[in-house]
Structures are given as structure tokens and as C-alpha cells.
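The values are calculated or read from the model by the stated rules, or taken from the named source; none is laboratory data. Everything numeric here is computed off the predicted structure, so don't read it as measured data. Cβ coordinates were reconstructed from backbone atoms using ideal geometry, including for glycine residues, and neighbour counts include every protein chain displayed. The protein model used for the area step is the full one, side chains on, heavy atoms only, and it has no ligands, DNA or RNA in it. Shrake-Rupley method; radii C 1.70, N 1.55, O 1.52, S 1.80 Å.
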Amino acid sequence: MLVSHLYLFAVFLLFSLSSSYIVEDDGHWPWHKTKYLTRTNWTSALKADTSTSKVRQPVWIVFYYLTYCGFCKLAEPGWEAAAQYATGWSRYLRLGAYDCASESSSQNDICEDEGYPQWRIFCPLTNSTQLAFNSERRSGNVKPEDILMWSIKKLNKIAHVCYGKTWPVRHVIEPQSLDDLNRVIPPNYKNFQLFVSDDILLYSLYVLNNSKTVYKEPIFRLHTKNPVKSGVSLWKGSRNEHGEITLEPMDWTQAMKQFVLNVHNSSHSDKLESEKPGALRPTLTDVDSTVVWMVNKDLRRKLPTLFEDVKSWLNVLHTYYPGSESVKTFLYDLINFMNDRTTLTSKELQNYINSTSIIKLPDIKFDHCNGSDPTKRGYTCGLWLLFHSMTVKQALLAEDNKLPSDAKPIDVIVPIREFVRKFFLCEECVKHFTNMTSNAEHEIPSYKENVLYLWRGHNKVNERLRNEELSSDPAWPKVPFPTKQECNTCVRQVDENNDATEFDENEVYNYLKEKLFHLNIPCDSTWMRMNTSNSQHSVADLLPYGISGRMATILTKQHVSDEDLQIMDRDDVEHLFKNEYGFTFRDRKQFWNIVQKIQISENTNRKTEEIAHSPESLEHVYGFVEEEEKEESTDSKQHQLSHSNHLFENKVTSNIDDDDDKHSNSSSHLSISSGYIFTYPTILPSFSSSITHALQTNTIHKQWAAFINELARWVMSIKPCLREQHEYRAIGQTLYEKYPNIGTAGPKPWSFLCRSLSQRIRTERWQRRKAITMKNRKESQRKTLDRNNDMADFEILI
Ligand SMILES: Cc1cc2nc3c(=O)[nH]c(=O)nc-3n(C[C@H](O)[C@H](O)[C@H](O)COP(=O)(O)OP(=O)(O)OC[C@H]3O[C@@H](n4cnc5c(N)ncnc54)[C@H](O)[C@@H]3O)c2cc1C
């Protein structure tokens, strides 16, 4: 017995050391030996074939996983090794894998939203409508031997139901003599084997490894202490025509060799150790893609059961959403849609996303979270980015006094924890994260602390996963974040590997807040932060050139031609400037305040000081103030004229000069990094049926306002900060070519449309700003009223 166990151990050791993991590019895991199951092949694979009376269908052990779950990834090589070992057993047992992330939310009956990874056993019966032992579940550490041992033990228990007498692993026989053996072994077996061992698992393995012959030559087991053949051994039995049994010894060692696998050992990490894929910094696309995935998968599959939870998470997500305006608008509309209902099925949500919503969600594409292969990073990375940016957004709103009066620092982290607990399907992740944040309500005294709380928590996860090679992307090793390279001032001390061991938390906070997770600076309000050092920098940059000079540069950069200027109104020009510098021509007072600040600041860079005091530069500034009353400077006009030939180049980024890099927080930088660029011919919206009809029947001028309204709303959903003239032009020209009846007289037939559109977009932005101001005003009125009421109550009391 000891010998056989030792042998088994050696066999499995070989197993464990060898793992085959090769990554493919089709988005699925590279199941080579494990059968990749899908909803389409699920029924045919798992249900019994009732066309014959015999049950020949194998039992299935199915690994349930999520492509994006680190623990699932850890288990995958174990499954491949087990499946490779069991390839010969397919008559009785098959190993399959099912990606629960691929479940369509309207049909999630296969996965049933449990934690992952897990595996289940399916035993087909003759009754095709039923799967016996309704998927008994198992999860945890997955070594190949665990999978196989568990499967065999399980099968030995349930085989009589699944297979009846066809199950080849038999109960031990206890003959008292050779003659008795002849009686115990049914007379129809001419050939058979005797496996003498007390180890039922080893016996089961041996039987299953002989799956192809065992039904003709059954294998019986005897205890090692038996009167026929004692001691661990293997015998070949045969019955002659007189019914007499003879036993020939078989080579045990030779027979055991079949347990040893020759698994091709290739480490995926060797293959993947390559260049870092993905952008170095998080982008809006990362966050948007995460939400698209989340809504389509995690949230949808929990409907209608967790309808109220989905709604409250969407509310928090919308309030602190750091991604694009279009996804934010989508969330807003969806919340309203849900508010009008008492329930929502996942199918109804799917219909809403695909048909009802006027905002079409973007395709999923990860920039910073792009992994070395499709199974790495992606959604989980995006989730972290989303969570961090939400805490940052909350801190920024608090700084700007834009949070409701009853807001608390835990308003974001607690819903995040609840989201993870209720919707995130990676079981281990949920366990750890909810444990880690279980006391959040009592640990977070401020908004800043909230940002740092999540940062510390994420670093704990990084540390835990550091050595779990398969869960992380080798191109993005798990190290304390941020590294010294990423933020020099954040790191106080490093170890011999240059990993941070001590941080300056104030610097970390600033880094996360200013540089990293402040993704979406809305184009219409908060980005105008005149008192920030950034604006001082911008003003300093302006002084040597004067407003006019800088304006001319901007117009050139934006390919604004003389012709464009004829159709642009003053606001458009101002917005171009504001886009670049954070304030408009009209914000003179603020401008001068900043100039003064620059002049008196002790820390101001000498060069700036000199410039600010130089009579020459002030002349520029005064020059601007006087010029301000004029429509535009002749200077810039001339400048623009010479550039009108760039009209249709449509390459915004190519013309960005070095200045832009310095203003990494400016919205021009963001619109370029985050946004879609409308280039001619561009994408166009699908209009409502009445507008489409009007466009097709040459009656659009009767519905011009509604038409422009729809167009503006759609444009803003794609690009809320659209200000580039060439992009307006691309939209106008493309529309004109499709529907010539939108054309009017003017410099270009589409000029009128461009102008209407830009005016409508400005109005829309203004209305949104006004709505926020009104909301804040109401809020403060409510507070005053509450205070007065409290006072009145107090007075009554005394
Ligand atoms: C809530 C949650 C819990 C998880 N728990 C587990 C788990 O228990 N086991 C498991 O295997 N996987 C877990 N995951 C997945 C895992 O943390 C990673 O997301 C995954 O391994 C991909 O790693 P990554 O290299 O893309 O970087 P991620 O860790 O996903 O980080 C994404 C980005 O965030 C930034 N970042 C990194 N560290 C910090 C920090 N401390 N503060 C701020 N920003 C930072 C970096 O820019 C990084 O590229 C969890 C994911 C989430 C969202």
C-alpha cells in the first residue's frame, strides 16, 4: 500500500510540475484538452442521447470560470493538466470549461451567478430533460490531482445512478479461494484482470486509464490480504472452455507507467514577457469600457432580482462618474428609465441598451488596461480605475463645495464595497475586498482619506497577488504603487529592488488627484479653476505673446480659416481660447488677479516675474484689453488666412505644440486624449423617424430646431467638449452630402448648419450649467429653511 501511494505521489508530482498554458488571441482561454463548452454545445454535450436504450453519455465535470478573474486564471493550468491526463477516459468522464463571463444576461441559467472559480459535476440520465445531481458545486485550490481525485470519489458514489452496471470501477470482491473466484466473476467474462491493492483511488485510476478495453476485459479489485493472491500485484485472468480460471502475473511497474504524463511544459510567462502593452496612464476609454462591460454583464445578470440594488449603484455611479459625458448621459437616462418602473428583467435592459436608448454605448476597448493578451487585465483593471477615479471625483467635488449638504466621505466607498459584494463575480476577490473594507464606515474621516483608503487597500491586494504569477500580467508586475519613476515625490524610501517601502501620503494624494484619476474635466464648469497654479502657469505663458498672439496660434492650430471666421460668432472664438487657457476674454478680472498673483508671489519663477513686470509684456496685455471690444484682431485674421489650405486635414493632434504637454490638465489635452475626432466623412446619428422623414422629403427646414436639437444632443454624447471648427465642418459636409436639402446659401452650403449646431451646443451647455446652479441654490435655500425651522423649534421650546 505504501508503495502504491508513493507511486501515486510521484505521478502527481509530475503532474503538478508540468503545465501547459499557451495564450491565443481570440479572447477565449486556450483550452486545448479541456472541452470549451458554450451555450450552443451545452445541451448536446451534457444531455443523454435517448435515441438508444443504453446510456453511453459520459459524466461531465465542468469548470466554471470568468475570463477576467485572477483566481480562475490560477486554476486553468491545473484543469488543462487534469484534462490531458483524462483524455482516454472520455467514454466515462469528460472535463469541460464554461466561461460565465460570456453568459448572455438574459440567459444566465447555466452559471446562476455563483462565485467563481468553481466546478460542478453533471451526470446525464436516460431522461433527457434532467441532469442528475444538479450540478454539485466545488471550489477552492485546484491542483490536477484534486480535480481527478474529487471526480473519482464522486463518481464512485453516484455511478450506480448515472451508469447503472456499465460503470467499470467495481466494488472490491472477496473470494475465499480460486474456486470461489470462479463463482464471483460472472461466467460470461473470458478475460479479466485482478488488481490487488487497498487503494481504491489508484484502482479507479487504473480502470479509467483502461477505459477503452475495460468493458471487454473487466478489472476486479481484491484487498491485499486475500486468500487468492496477496500483496500489491496485478493479474491477468482467463477462463478456458471448461470454465477453469488461470491467473498470469502482469508487470505492476510497467502498468503503473501509464500514470506518468508527458505534458508539454511551456510557461506562458516566457511567452508574454514582452513590451508593456497599453497606455501608461488611465484614460476615459478605460473607464467607459469598464462601465459598458459592467452594465452589460455584472448588472444585467442580476436583474430582476437585484433591481433596487442596481438602481442605487447606478445613482452613485452617475453622481461620481469620472468617464465620458456620453456614458454619463446614458447612465442618467437609464436611471430615469428605471425610476419609471417597479422592475426590470435583464432582457428588458438589453432591449433598452440596444434599441431604446438614444445614446449608443461605445465598444469595449482598453487603453491603459490593455493586457499582454485578452485574458489579462481588462475589466478588473478598469474596475480599479473606475473606483479610484470615483473617490477622486468625490474629493474634487467636495473641494469645490459641489456635494449635497448631507454628503459624507463614505458615500462612495461603501457603495463600491456593496457593488463588489453583490455584483462582482470573482469569489476570492469579493471575499478579500469586503473583508478589507468591512470597517470603512468607521475608518474614513475625510474625502482625502477616502482616496487614500482605497489606494492603501489596492496596494494590499497588489502585495497579496505579487507572487501569484498567473493572476497578473507579467508586463505589469504587481509592485507598491506608485513607483518612484511614476511619482518621485510620493516615494520616501525604496528597498533593494527599488520598490517603495515608505510613501509621502500627501504627495500620493496629489498624484492620484491631479495627475492620475482626474479623468473627466467637464468642459463647461469646473475646469475653470482660476486659482490653481496651472492657471498661473497659463497666464505666465500668455504674457510674452499677448492674448492676440496666442489667439492666432490657437486658430492656426485648430485650422480655423478666414472663411470659418465668417461663420463663427464671438462666443466660438472665446471658447477656443477658454479651451486652451481656462478662461475667456471676458474674465478680465480673474485674469488680472492672476497676473497680480504672479507678480507678488515670492516663489514665482524669475523669468515669469521679469516678463510680468516688463513694460513690453504689459503693453501686450493692455493691447488685448483695448482690442477686446473689437470683433477680432486683424493680426490673427492674417495669420489664419495663410492657413486656410489646411482646412480638411483633420489632424488635431499633429499640430499640438510643446505647450500642451505642460498643461496636462487642460481640457484641450483631455479632449484630444479622450475623444473621438470627427473627420470627414464622419459618422452620423440615426435621427428619429420624423426627422429622417423630413430629411428625405426635403421638408427639414420646417423642423430645423428639432433637427438641430437631435444632432446637438448626439454630438455632445460623443464629444461634450467639441469646439474644433474642422470637426463641425466634417459633420456639416457629411450631412450635406447625404441630404443636400440641408444646404443654404453662404460660404459653404453646410455653414448655416454648423453655426446652428454650435449655437445649440453652447445653449445646451449653458442650460446644464444653469441646472446645476439652480440645484445648488435650492439646496442652500433648503438648508437655510431647515436652520430657521430649527431655530423656531428652539424658540418654542424655551
Ligand atoms: C475590488 C477588486 C478586488 C480584487 N481582488 C483580487 C483578488 O483577491 N485576487 C486576484 O487574483 N485578483 C483580484 N482582483 C484583480 C486584480 O487586483 C487586478 O485587477 C488584476 O490582477 C489585473 O492587474 P493589473 O496589473 O491590471 O493592475 P490592477 O491591480 O488592476 O491596477 C490597475 C491600475 O491601477 C493603478 N494602481 C495600481 N495600484 C494602485 C494603488 N494602490 N492605488 C491606486 N492605483 C493603483 C495602476 O495604474 C494599475 O495599472 C481584484 C480586482 C478588484 C477590482
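The table that follows gives values for the structure above.
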| read-out | value |
| --- | --- |
| Per-residue SASA entry for residue 356, accessible area with 1.4 Å probe, Å² rounded to 10 | 80 |
| Probe 1.4 Å - accessible area at residue 762, Å² to nearest ten | 40 |
| Pairwise FRET efficiency - residue 143 versus residue 182, Cβ, R0 = 51 Å, nearest 0.05 | 0.75 |
| Distribution of pairwise C-alpha distances over the range 290-516, 10 Å bins, in % | 7, 30, 36, 21, 5, 1 |
| For residue 118, residues with placed amide H under 5 Å, excluding near neighbours | 64 |
| Qualifying GluC sites (Glu not before Pro) for the range 703-767 [loop in DSSP, other Cβ within 10 Å: at most 16] | none |
| Cross-link pairs beyond the 21 Å C-alpha cut-off, checked among 360/719; 73/347; 376/484 | 73/347; 376/484 |
| Accessible surface, 1.4 Å probe, highest first, among residues 62, 172 | 172, 62 |
| Ordering of 332-345, 211-224 by packing [mean C-beta count within 10 Å, highest first] | 211-224, 332-345 |
| Distance-filtered residues of the range 64-85 - backbone nitrogen under 15 Å, label point 7 angstrom along residue 32 Cα→Cβ | 76-85 |
| Residue 461-residue 441 pseudo-label distance in nm [points 7 Å out on the Cα-to-Cβ vector] | 2.3 |
| Scaled radius of gyration (Cα, divided by 2.2 N^0.38 Å) that the range 386-453 gives | 1.13 |
| R0 of 25 Å, Cβ-Cβ distance residue 704-residue 360: FRET efficiency to nearest 0.05 | 0.55 |
| Nitroxide proxy distance, nm - points 7 Å out along Cα→Cβ at residue 479 and residue 171 | 6.3 |
| Rounded to whole Hz, the Karplus (6.51, -1.76, 1.60) HN-Hα couplings of the range 146-154, x for glycine and proline | 4, 4, 5, 5, 4, 4, 5, 4, 4 |
| Gain upon complete extension [residue 198, residue 693; 0.36 nm per residue less C-alpha separation] | 170.0 nm |
| Cβ-based charge dipole, the range 178-259, positive-most Cα from 192, 233, 214 | 214 |
| Other-chain or far-sequence residues with amide H under 5 Å of residue 494's (modelled H) | 501 |
| Built amide H within the under 5 Å cut-off of residue 221, gap 5+ | 173, 195 |
| Residue 44 versus residue 398: modelled label distance in nm, points set 7 Å from Cα along the beta carbon direction | 5.8 |
